[in-house]
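Each remark here refers to the structure printed beneath this line.
Values quoted throughout were computed directly from the atomic coordinates according to the rules given, and no laboratory measurement underlies them. As the structure is a prediction and not an experimental result, all values here were calculated from the model. In this analysis, Cβ positions are derived from the backbone assuming ideal geometry, glycine residues included, and neighbour counts consider all displayed protein chains.
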Amino acid sequence: MKNGMFLPDEVDPNEVMIKYGEPEDYVDPLELLAPRGNAMVEDARHNTFFLFSEHWEEYTVSEVSDVTMRFRLAEKYKGIFMRDVSDDSDDDGDTYDDYRVVVDLEWSTGKINDYGKKRGWLIVCELISPFHDGAIAEAGDNKALIREAYVVNERFFSCVKAAPARLQTRPLKSQAEAFPEGNRGGGGGP
C-alpha cells in the first residue's frame, strides 16, 4: 500500500471474493427507488426543465434568509434559453425579437402581482450571440444594457417554449407531459 492506496498488483480479486463471499453488484441508487421507466426518475436523470412553477418555488421567504431557495432556483433556471417576441398589442410601437439565456437571479425591489403582491426572485436573462452581436458589442462591459429581469409566470414559460429547441441544453416538459394522469405528483407539481 502506498499513500493509503492499493497498487494494482497488491490485491487479488479472486482472493478477496473468497474472503468476503458473494460478488458485490454495483446498482444505480435511483434504480433501487424505482425501476427504469418511472417518469420522475427519468426526469431527474436527464435534468428535465419543467415549464411550470413547481410546488417548492412558492416558499421563498426573504432574500437574506433564503440562500437555499436561491440555489435551487438557480439550479432550475440558469442556462435555459428563451425567445421574447413583442406582442402586436404593444401600445408603444416598439417591436422586438430577443433571444436570451438565464444568467442569474435577483431579488425584486417592489411587490409583484404574480407573487401574491409580495417580493420574490426574478430571473435575469441576457441577450445571446449570434442573434444580438451588435447590441452585445455596443454594451461592452456594461451588462446592464443587455440584461432584463423576468417574473416567473406563464409568459416566461411561453418564452422558454418559444426558443429554438437546438439552443436548449435540457429537455423541456409541460405540466400535462409531466403529469399525464392529471395528478400533480408528490414532488413536481405546482
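So if we plug the beta-carbon distance of residue 131 and residue 10 into 1/(1 + (r/R0)^6) with R0 = 35 Å, what FRET efficiency do we get, rounded to 0.05?
Working: r = 57 Å, r/R0 = 1.64.
With R0 = 35 Å, the Cβ-Cβ based efficiency is 0.05.
How would 69, 82 line up from fewest to most surrounding beta-carbon atoms within 10 angstrom? Let's see the in-between values first.
Details: 69 19, 82 23.
Arranged by neighbour count, lowest to highest, 69, 82 become 69, 82.
Need one number: nm distance between label points at residue 177 and residue 117, each 7 Å from Cα along Cα→Cβ, rounded to one decimal.
The answer from the label model is 3.7 nm.
Multiply the residue gap between residue 108 and residue 149 by 0.36 nm, knock off their C-alpha separation, and tell me the result in nm, one decimal place. Show your work: numbers first, answer last.
Working: separation 41, 0.36 × 41 = 14.76 nm, distance 0.91 nm.
So the chain would gain 13.9 nm between residue 108 and residue 149.
Could you give the nm distance between label points at residue 139 and residue 95, where each point is 7 Å from its Cα heading toward the beta carbon?
2.3 nm
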